[in-house]
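The values are calculated or read from the model by the stated rules, or taken from the named source; none is laboratory data. Values in this document were obtained by computation on a predicted structure and should not be read as measured data. Quick reminder, even Gly has a Cβ in these numbers, built from the backbone with ideal geometry, and neighbours come from all protein chains shown. To get the accessible areas, we keep the full protein, side chains included, count just its heavy atoms, and leave off ligands, DNA and RNA. Shrake-Rupley method; radii C 1.70, N 1.55, O 1.52, S 1.80 Å.
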Amino acid sequence: MNIYVDSKMSDDSRRMEVYRGAIFVHLPSQGALKLCHLAQELVEEAFSPLHPLTAHEKLSAEKCAEILSVVKPKFIHHPRSKQYIQEMLKELGCNLEKTYFDVPRLRTAFPGDYLKSGIAYAFHPHRDTWYSAPFCQINWWMPIYDLRCENCMALHPRYWNQPVKNGSSGYNYHRWNAESRYSAAQHVKTDIRIQPRPEESIELEPEVRMVCPVGGAYQFSAAHLHSTVPNTSSVTRYSIDFRTVQLDDVLNRIGALNIDSACTGTTMGDYLRGTDLCQLPKEAMALYLDGSESVYALSTP
Ligand SMILES: [Fe+2]
């Protein structure tokens, strides 16, 4: 598995490398820094007068979930968050005419056993492709505050080409949107929503924990097995992630190999063009439809 740091490779070559399992680590860019600062501003305002990194020491998990259920959507739908992603992608060499992104998520990982479900879901090992992501999807992940190896996320590279028995055959993205997504804030102690999980024991080691500075980002294939690292630090981790697909790859069905995903539905309705926020052309989206979208409405961001 190749890890490229601050690579100046073209986006066309970079994507092909990502589809072969490579990770790209980017140094801070202006657009990415603006996105992180916007997230800092929103979470600091939401937790004020407490500091977001240590607010869990004073707040009940219920109160914390309530705060997150307001600030997370606020960040996701903030007009400046899309604008800064556009800036960031342009700075990092993506052709905005052909690059489509979904709205950024604000994630949290609290220390110890504090708030692990629902709105602050601690992700078990998974591939996004178990969750109806296309094989050309590229994940972008960035910390909002200084990151430590005790509270980041991890990739599990041995599973890049090793199938995992999993529950993806029971997952449909359109059904998830219709039934489960919006109830996240109610799941404070446990999360009973059905999500695709490994159905065999997973060897988490060797794992790759990437620690980049604020404004830095890493890019990896949606087909990589990855998870939230159990937070053994004393501070909460706040991070941003979003996903991209590139039109040529969507149309030509280029991407990582499918070795074990059996979900139905598609997230293709979520991506917005880098220039004008239009959805993918109908003919591109049609290649990924399997009929389940007519049972549940095709999602919109
Ligand atoms: Fe993921």
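Couple of notes before you dig in:
Quick grid of which residues meet (1) away from the ligand (no atom under 15 Å from the Cβ); (2) without any contact (Cβ under 8 Å) to a residue 40 or more places away in the chain:
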{"residue": "A55", "(1), (2)": "yes, no"}
{"residue": "E87", "(1), (2)": "yes, no"}
{"residue": "K90", "(1), (2)": "yes, no"}
{"residue": "D113", "(1), (2)": "yes, yes"}
{"residue": "Q137", "(1), (2)": "no, no"}
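- Index of the failed condition, L277 passing every other in (1) more than 16 Å from the ligand (Cβ to nearest atom); (2) open to solvent by less than 30 Å² (accessible area, probe 1.4 Å); (3) closer than 30 Å to E44 by Cβ: (2)
- Some residue of segment 155-168 being assigned to a strand (DSSP E or B), open to solvent by 10 Å² or more (accessible area, probe 1.4 Å), more than 22 Å from T244 (Cβ to Cβ) and within 16 Å of the ligand (Cβ to nearest atom): yes
- When we screen L257, L204, L251 for residues that are outside any strand (DSSP E or B) and within 16 Å of the ligand (Cβ to nearest atom), the only hit is L204.
- Search result, residues across segment 227-247 that are surrounded by fewer than 21 Cβ atoms within 10 Å (Cβ to Cβ) and of a type in the set (S, T, N, Q): S227, T232, S233, S234
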